[in-house]
Amino acid sequence: MTIPEIQKKIEDGLPGCKVEILDPYRDGVHIKAVVTFTGFAGKGLLEQHRMVYATLKDELKEEIHALALETRSE
Amino acid sequence: MEQELKDKIESLIKSENVFLFMKGTPEMPQCGFSAGVVTTLKQLGIPFGSFNVLSDMKIREGIKEYTNWPTIPQLYIKGEFVGGHDIAVQMAQSGELLKKVG
């Protein structure tokens with residue numbers, strides 16, 4: 001799965017969100033997603049991360065091993 | 001989920017005030033995120049128990065189902081699921097983690 005594909009999955013799952021994918025080691029595997037979504041407002045970190053994970057449900061089982069997350073409501 | 005597996009997971013979670021399901025051991029973590037949580041807890045001087053999921057495939061898969069959380073490490077405080085690596089680090093930085101540990 002490519003970085004643009006991961007980005008699209010998150011964007012499709014959380015309509016209107018802004019996703020920035022960082023690849024700090026330039027290996028395409030240990031990536032970080034910074035997700036800004038107004039729908040996170042009022043929710044705890046756990047719930048926010050669950051919402052992002054839900055958009056990558058199948059991918060997280062196999063393909064993605066190391067996805068760091070940072071979530072912001074605005 | 002089998003009752004036996006569930007019981008085992010629950011007894012682990014309740015065995016310590018702070019409990020970490022991780023890849024590898026605190027002395028020798030086998031993944032960067034697990035290592036990150038161990039470092040975070042140690043820096044704050046928080047004692048914790050841990051389980052190496054690489055030693056037990058059933059627990060490795062079972063814990064994901066139990067918590068409905070797709071990744072490992074998983075941190076528990078007082079029997080309650082707190083989050084994975086990113087949440088633990090963020091809570092440590094804000095001081096919330098120490099407060100929660102009490």
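Here, each number is a calculation from the coordinates, and none is a lab measurement. This one's a predicted model, so the numbers in the text were calculated from it and none came from an experiment. Neighbour counts run over all protein chains shown; Cβ positions are idealised from the backbone, glycine included.
Pick from B:79, B:36, B:45: which residue has the top mean-square fluctuation in a GNM of chain B where Cα pairs under 10 Å get a spring?
In the Gaussian network model the winner is B:45.
Let me make sure I get this right: for the range B:2-65, a, b and c are the square roots of the gyration tensor eigenvalues over alpha carbons, sorted descending. Under 1.5 in a/c it's rounded, otherwise prolate if a/b > b/c, else oblate. Which is it? Display every interim value, and only then the final one.
Details: a/c = 2.80, a/b = 1.51, b/c = 1.86.
The shape class here is oblate.
For the range A:28-70 and the range B:1-72, what is the separation of their C-alpha centers, rounded to whole Å?
Going from one Cα centre to the other spans 20 Å.
Mind putting a number on the dipole of chain B about its Cα centre? Charges go on the C-beta only, +1 for Lys and Arg and -1 for Asp and Glu, and I need it in Debye to the nearest 20. Intermediate values should be presented prior to the final figure.
Details: 11 positive and 12 negative charges, 46 e Å.
Charge dipole of chain B: 220 debye, to the nearest 20.
Can you report the principal axis dimensions of the range B:46-102 using only the alpha carbons, biggest first, rounded to whole angstrom?
34, 20, 16
How much net charge surrounds residue B:19 when only the other residues with a Cβ under 12 Å from the Cβ of residue B:19 are counted, with Lys and Arg +1 and Asp and Glu -1?
Numbers: positive: B:14, B:78; negative: B:10, B:16, B:80.
Summing Lys and Arg as +1 and Asp and Glu as -1 gives -1.
Which whole-Hz couplings ³J(HN,Hα) result when phi for each residue of the range A:9-14 is put into the Karplus expression 6.51 cos²θ - 1.76 cosθ + 1.60, θ = phi - 60°, listed in order with x for Gly and Pro?
With coefficients 6.51, -1.76 and 1.60, one gets 4, 5, 4, 5, x, 10 Hz.
Short version: ³J(HN,Hα) in whole Hz for each residue of the range B:6-12, in order, from phi by Karplus 6.51 cos²θ - 1.76 cosθ + 1.60 (θ = phi - 60°), x for Gly and Pro, what are they?
With the stated coefficients, the range B:6-12 comes to 4, 4, 5, 4, 5, 5, 5 Hz.
Given an 8 Å cut-off on Cα distances and at least 6 residues of separation, report the relative contact order of chain B as a percent.
With pairs under 8 Å counted, the relative contact order is 33 percent.
Let's see if you can work this out: charge +1 on each Lys and Arg Cβ, -1 on each Asp and Glu Cβ, no other charges. What is the dipole magnitude of the protein assembly as shown about its Cα centre, in debye to the nearest 20? Spell out each step's value before the answer.
Working: 21 positive and 25 negative charges, 85 e Å.
In debye, rounded to 20, the protein assembly as shown gives about 400.
Just subtract the alpha-carbon distance of residue B:100 and residue B:61 from 0.36 nm times their residue separation and send over the number in nm, one decimal.
Taking 0.36 nm per residue and subtracting the Cα distance, the gain is 11.3 nm.
With contacts defined as alpha carbon pairs under 8 Å and 6 or more residues apart, what's the relative contact order of chain A in percent?
In percent, rounded to a whole number, it is 36.
HN-Hα J couplings of the range B:74-89 from phi, Karplus 6.51/-1.76/1.60, θ = phi - 60°, integer Hz, Gly and Pro as x?
9, 10, 10, 10, 6, x, 10, 5, 9, x, x, 4, 5, 5, 4, 5
How long is the gain from residue B:8 to residue B:39 if the chain were fully straight, where each residue apart is worth 0.36 nm and the alpha carbon distance is subtracted?
This chain segment gains 8.5 nm when fully extended.
Taking each pair of different alpha-carbon atoms in chain A once, compute 1/r for the pair, average those values, and report the inverse of that mean as the Kirkwood hydrodynamic radius in Å to one decimal.
12.3 Å
Amide H of residue B:50: which non-local residues (sequence gap of 5 or more, or other chain) have their own amide H closer than 5 Å, using H built in the peptide plane?
Residues meeting the amide H criterion: B:20.
Distances over 19 Å make up what percent of all Cα-Cα pairs in the protein assembly as shown?
Value for the protein assembly as shown: 57 percent of Cα pairs lie more than 19 Å apart.
For residue A:69, which sequence-distant residues (separation of 5 or more, or a different chain) have an amide H within less than 5 Å of its own amide H, given hydrogens modelled in the peptide plane?
Residues meeting the amide H criterion: A:33, B:86.
Between B:15, B:55, B:34, find the one with the highest GNM mean-square fluctuation for chain B; connect C-alpha pairs within less than 10 Å.
B:55
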